[in-house]
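What follows is one structure encoded as structure tokens, with my remarks underneath.
Quick note: the coordinates plus some simple rules give every number you see, no bench work behind them. It should be emphasised that the depicted structure is a prediction, and the values quoted were computed from it without experimental measurement. With ideal geometry, Cβ positions are generated from the backbone for all residues, glycine too; neighbour counts draw on all protein chains shown.
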Amino acid sequence: MSHRPLRLALLLSALLVGCNNDSDPPPEPEPTAPQMGVGEVELYDPVHHPDGHFIQPGQTAILALEGVNGTPTPDPGDTASAGVDEMWFEISKGGNLALSIRETTLATIAQAELWNATGGLLIQVNRDTRQGSAALTPGRYGLRLYAAHNEAKPVNLFIQLQESPANPASANRTLMADQNDVNLLLSTKNCPKCDLSGADLSGGDLHGANLAGAFLNEAYLDRANLTGAILNEAILNEAFLTGAKLEVANLSEANLTGANLIKAYLYKANLTGANLTGANLTGADLSFATWTDGRVCAIGSVGKCR
């Protein structure tokens, strides 16, 4: 009996939100239940801790990343040299792993790399290359993180390996954005049915872009110029569209569940049949937009169709 392939993601950005807030200290590792959070001293280190723990899917590693010019001597149990940390994980089923680094993460981590057990570099993400993916076979892999911060004390990082079963609708897609699709969009503005989930396209010039049926789940489109863009039947679950220009955009049948459309400009946009469940339209300009039920919104409609 064959195993279904897995979609995996190493979560770096969302788990760094509270790192620099001294009033919200990170949770302590649970010594009797390491699956709740495995501290750095407990993790596998091929040199200092060869009997240490390999992170499994669903588990979280807690690392203390020293600053670039910070502590010259790493804390006891450090998994690498000062300013560099490593985390090894183990998977029992093959699958596609995606690694993404976002703008907020870059203030703490300059670069993240994924290595196989024999020292082969599989993925490298940094300011210039934000997303990467690789097909993994069962085995052990290492994540190496390079510091960008100069904090006097190490910054606590929470790294989680997350998996979800593949399904027919997503079997040929990566969990995060496909970098080839991102490049295609930026160079041609013609990317129907592309996988741009989690892509950082903030402030991008995408006017007139063809994104019909594209996957834009959790994509960052804040302040992006999408004037006249074709987004019918696109999937934009929990996408970030704050201040985006969507004038005359075609969003018919688009799935905008939980999308952030605060102060978005939707003048004359077509929202016929769109799913706006849980979407935040605070301050959004809907003047003359065609609403989900086919009504044309009155001039001055802000936040809701009048």
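Over all other residues within a Cβ to Cβ distance under 13 Å of Gly208, the charged ones net out to 0, with Lys and Arg as +1 and Asp and Glu as -1. Net charge in the neighbourhood of Asn275 (other residues with Cβ under 15 Å of its Cβ; Lys, Arg +1, Asp, Glu -1) is -4. Lysine pairs in region 177-306 whose alpha-carbon atoms fall under 17 angstrom of each other, counting only those eight or more residues apart or on distinct chains, come to 6.
A Förster radius of 25 Å, combined with the Cβ-Cβ distance separating Val68 from Gln124, puts the computed FRET efficiency at roughly 0.85.
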